[in-house]
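**Q** So that we are looking at the same thing, I have put the structure below in C-alpha cells.
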Amino acid sequence: MILDKVDTTLAITDKQEYREKLTALQVRMRELEFEIFKHRLPVIIVYEGWDAGGKGGNIKRVVEKLDPRGYSVIPIAAPQGEERTHQYLWRFWKHIPKAGHIAVFDRSWYGRVMVERVEGFCTPDDWKRAFQEINEFESQLVSFGTVLVKFWIHITKDEQLRRFEYRKGNPFKNYKLTEEDWRNREQWDVYLEAVEEMLLRTSTHYAPWTVIEGNDKNFARIKALETITSAIEKGLKNGQGINNHGKKDKKKK
C-alpha cells in the first residue's frame, strides 16, 4: 500500500521558519511566472486529496503573489449540461492553459477513477478504461511541452474528523462541511482502495504523482511550493517552452 508508507507526522512547528520559507518560495513563484511567460511554457498543477485535506489553502499560498493575468484556478464539480453529452475529458480540454500560462485544477479528471467509480456514476468498464485514457491525455500535454505537477494531499482519518468537527463549530467555516462529506467519510476504505489504484496506475515517468503529507498544513504548503518551483525550473532548463511558431524551444548549449 502506497499511502501506508506516508509519514503524516512530518511538520514545520517553527512559525518563523514557515513564514520565511513561504515568502521565499512565493517570491520565486512570481519570478518563475515571468520566465514561464517569456519562454511560453504551459504549466498545469493538479490537486487531489481527501475532503478537508487542505487543497484550498494550499492553492491560495501557491498563487498568492502571482500576477493574476498569468494564471487561473479551475474548481471542478460534477459535470453539468453540455458537459454530460461529451466524452468526459472534453470539459478539461477547455481549461488547458495556453503556452506561457498556469492552470491550477482544484480536483480534476481523476474524478472518473475516484468519486465516479465509488459512487457508481459511471460503469466499471468506463473507469477501468479511464486509466489508459488519462495516461494518454497527460502524455499529449507533456509532449506539447507542458510542465505537469500532480498532488495527492494525504491526511489521516482521525485528522479529517478533527477538521470536520472544527468546521462544524466555526460559523465562518461550516459552509465547507456538507452531508456529502460525512457520507464520503463513511466510505473511507472504499475510496482508499480507489486512490491506491489511481496512484499506482497513473504515476508515470512523464507525469508522476507527488504525495504530500498533509496533517500539518504548513508542511504541506511548503512541500507543494518546493515541488512546483523545482518542476518549473527543470522544465525551463530542459527547454520545454513553446516558441511563437508552436515548436519546442531548443535547449541552449
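**Q** Could you give the C-alpha radius of gyration of the range 1-104 expressed as a fraction of 2.2 N^0.38 Å, taking N as the number of residues it contains?
**A** Rounded to two decimals, the normalised Rg is 1.31.
**Q** Please report the antiparallel percentage of DSSP beta bridges with both residues in the chain, rounded to the nearest 5.
**A** Expressed as a percentage, antiparallel bridges in the chain total about 5.
**Q** Right, next: Please work out how much accessible surface W93 shows to a 1.4 Å probe, ignoring ligands, DNA and RNA, in Å² rounded to 10.
**A** Result for W93: roughly 110 Å² accessible.
**Q** Something else about it: Sticking to Cα atoms, compute the Rg of the chain to one decimal and its Dmax as the biggest Cα-Cα distance, whole number, in Å.
**A** Calculated on Cα positions, Rg and Dmax stand at 18.4, 58 Å.
**Q** Name the residue, out of K94, K223, K237, whose mean-square fluctuation peaks in a Gaussian network model built on the chain with Cα pairs under 10 Å.
**A** Greatest mean-square fluctuation among the candidates belongs to K94.
**Q** For the range 151-219, I need the span (max minus min coordinate) of the C-alpha atoms along each principal axis, in Å, sorted largest to smallest.
**A** 44, 28, 19
**Q** Taking a threshold of 24 Å on the Cα-Cα distance, which of the pairs K5/K176; K150/K234; K5/K168; K21/K94 fall above it?
**A** K5/K176; K5/K168; K21/K94
**Q** Can I ask one more? Enumerate the residues in the range 192-232 having an amide nitrogen under 18 Å from the point lying 7 Å beyond the Cα of F144 toward its Cβ.
**A** Answer for the range 192-232: 206-208, 232.
**Q** Also, I was wondering about something else. Mean 1/r over all different Cα pairs, inverted: what Kirkwood radius does the range 139-253 give, in Å?
**A** Values: mean 1/r = 0.0584 Å⁻¹.
Result for the range 139-253, one decimal place: 17.1 Å.
The values are calculated or read from the model by the stated rules, or taken from the named source; none is laboratory data. Because the structure is a prediction, the values reported are computed rather than measured. A quick note on method: Cβ atoms are made from the backbone with ideal geometry, for glycine too, and the neighbour counts reach across all protein chains shown. Accessible surface is based on the protein model in full, side chains and every heavy atom, while ligands, DNA and RNA are left aside. Shrake-Rupley method; radii C 1.70, N 1.55, O 1.52, S 1.80 Å.
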